[in-house]
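The values are calculated or read from the model by the stated rules, or taken from the named source; none is laboratory data. Worth saying up front: this structure is predicted, and the values here are computed from it rather than measured. With ideal geometry, Cβ positions are generated from the backbone for all residues, glycine too; neighbour counts draw on all protein chains shown. Each accessible area value is taken on the protein alone, full model and side chains, heavy atoms only, with ligands, DNA and RNA left out. Shrake-Rupley method; radii C 1.70, N 1.55, O 1.52, S 1.80 Å.
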Amino acid sequence: MADVKLAVIFYTTYGTNHAMAEAAADAAREAGAEVRLLKVRETVPQDIIDGQEGWKAQQEKMADIPEVSPEDMEWANAYLFSAPTRYGNVASQMRAFIDTLGPLWQDGKLANKPVSAMTSTMTDHGGQESTLLAMHTTFMHWGSIIVPNGYTDPSIFEFGGNPYGYSQKAGEISPEGLKVIQHQGRRIVDVARKMAS
């Protein structure tokens, strides 16, 4: 049985954060973790999604991925979140899920677990760092242990990324970006493993 049980939790509209979450989950599995890849529940009415071909196609692509539940949060001993930015903060769908976690937080069941975050934006300077820091603020309220990338791997310098967590402009992941995501996936597992020993 794996000593690290990692929940990789994401929200996506057109697929960027889904791809990021999958890449991180794959790297975490390769590092020996038991991983659950989980999406947050969509809150936008279906008729609006149906009117946007790309959004609807992405929804269909993720149909087999389970929705995250508080039980998944209790199961995991480490978390990696990925969600796009909305107005310099995390997308409301992710916030809606986070807002269901009050009972777990009150019981201390989110505390002392390592957690990391990733995000994407429509533009290069669309609030990536503020979104990651906003997620970190939530994690601090939980009492979780924030695991940022820092500058702990050469890939972060090569990509020009930030130390708070992986972030990119919405769209395809570059080979350089993929290396950073993989490093972040391995890093959260490594820290969780050290904490579990």
- A 1.4 Å probe over the protein heavy atoms gives the range 115-197 a carbon and sulfur accessible-area percentage of 57
- Would you list Ile48, Ile98 from the most to the least accessible area, probe 1.4 Å? Ile48, Ile98
- Modelled FRET efficiency - R0 25 Å, Asp3 with Ser69, Cβ distances, 0.05 increments: 0.65
- Note on the structure: About its Cα centre, the chain carries a charge dipole, from +1 on Lys and Arg Cβ atoms and -1 on Asp and Glu Cβ atoms, whose size in debye to the nearest 20 is 460
- Task: From largest accessible area down, sort His125, His141, His183; use a 1.4 Å probe on the protein chains.
- Result: His125, His141, His183
- Query: Which residue, chosen from Ser69, Val90, Pro103, occupies the Cα position most advanced towards the positive end of the dipole of the range 66-126, where the dipole is computed from +1 (Lys, Arg) and -1 (Asp, Glu) charges on Cβ about the Cα centre?
  - Reply: Val90
- Task: At 1.4 Å probe size, with no ligands or nucleic acids counted, give the accessible surface of Asp99 in Å², nearest ten.
- Result: 110
- Message: Give me the extension gain from Thr123 to Lys169: residue separation times 0.36 nm, minus the current Cα-Cα distance, reported in nm with one decimal.
- Response: 16.0 nm
- Query: For the pair Glu60 and Asn112, what calculated FRET efficiency results from E = 1/(1 + (r/R0)^6), where r is the Cβ-Cβ distance and R0 = 35 Å, to the nearest 0.05?
  - Reply: 0.35
- Message: From the C-alpha coordinates alone, can you work out the Kirkwood hydrodynamic radius of the chain, in Å?
- Response: 16.6
- How large is the charge dipole for the range 117-197, taken about the Cα centre, if only the Cβ atoms of Lys, Arg (+1) and Asp, Glu (-1) carry charge, to the nearest 20 debye? 340
- Item | Accessible surface ranking that places the most exposed of Asp72, Asp64 first, with a 1.4 angstrom probe | Asp64, Asp72
- Message: How large is the accessible surface of Tyr151 in square angstrom, using a 1.4 angstrom probe and rounding to the nearest 10?
- Response: 120
- Name the lysines eligible as straight-distance cross-link partners of Lys109: C-alpha to C-alpha under 18 Å, and not fewer than 8 places from it in the same chain. Lys5
- Query: So what is the calculated 222 nm ellipticity per residue for the chain, using -39500 (n - 2.57) for each DSSP H run with n of 4 or more, over all residues, to the nearest 500 deg cm²/dmol?
  - Reply: -13500 deg cm²/dmol
- Task: Step through the table entries Lys113/Lys179; Lys113/Lys169; Lys113/Lys194, compare each Cα-Cα distance with 22 Å, and write down the pairs that go over it.
- Result: Lys113/Lys179; Lys113/Lys169
